[in-house]
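Let me begin by presenting the structure, written as structure tokens, before commenting on it.
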Amino acid sequence: LAEFATELARHRAGLVRCDPAVAALRVSGVFQLDNTDGILRALPALLPVSVRYRSAYWVVIGPREA
């Protein structure tokens with residue numbers, strides 16, 4: 001997931017950070033890189049993660065809250 005977040009960050013303005021607690025999760029698939037917000041919205045349905053927007057330009061992918 002950490003590598004995925006790094007690659008995703010190349011295609012959107014701002015920062016995409018991945019919490020070390022979920023960094024080793026595996027993700028695969030085909031994603032539309034012209035819709036990075038859609039990808040981020042889909043992640044919690046695919047993996048046990050949450051996506052938090054600190055601002056429009058600062059996104060943190062972390063563990064799903066209980």
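From the list [x] 79; [y] 87; [z] 108, can you say which value of volume of the Cα convex hull per residue in Å³ was derived from the structure given? Checking each listed value against the structure points to [x].
Here region 8-66 exposes an accessible surface that is 54 percent carbon and sulfur, computed with a 1.4 Å probe and the other protein chains kept in place.
Rolling a 1.4 Å probe across the protein heavy atoms gives the chain an accessible surface of 67 Å² per residue. If only the Cβ of Lys and Arg carry +1 and only the Cβ of Asp and Glu carry -1, the dipole of the chain around its Cα centre is close to 120 debye. For the chain, GluC sites (Glu not before Pro) meeting the loop criterion (DSSP other than H, G, I, E, B) and having at most 13 other Cβ atoms within 10 Å: Glu65. Under the combined filter of DSSP loop state and at most 15 neighbouring Cβ atoms within 10 Å, region 29-66 retains these chymotrypsin sites (Phe, Trp or Tyr not before Pro): Tyr57. Only beta bridges with both residues in the chain are counted; by DSSP, about 60 percent of them are antiparallel.
Among the trypsin sites (Lys or Arg not before Pro) in region 4-66, those placed in a DSSP loop whose Cβ has at most 12 other Cβ atoms within 10 Å are Arg10, Arg26, Arg64.
The values are calculated or read from the model by the stated rules, or taken from the named source; none is laboratory data. In this text the structure is predicted, and so the values were computed from the model without any measurement. Cβ: placed from backbone, ideal geometry, glycine included. Neighbour counts: every protein chain shown. Side chains are part of the model used for accessible areas, which takes the heavy atoms of the whole protein and leaves out ligands, DNA and RNA. Shrake-Rupley method; radii C 1.70, N 1.55, O 1.52, S 1.80 Å.
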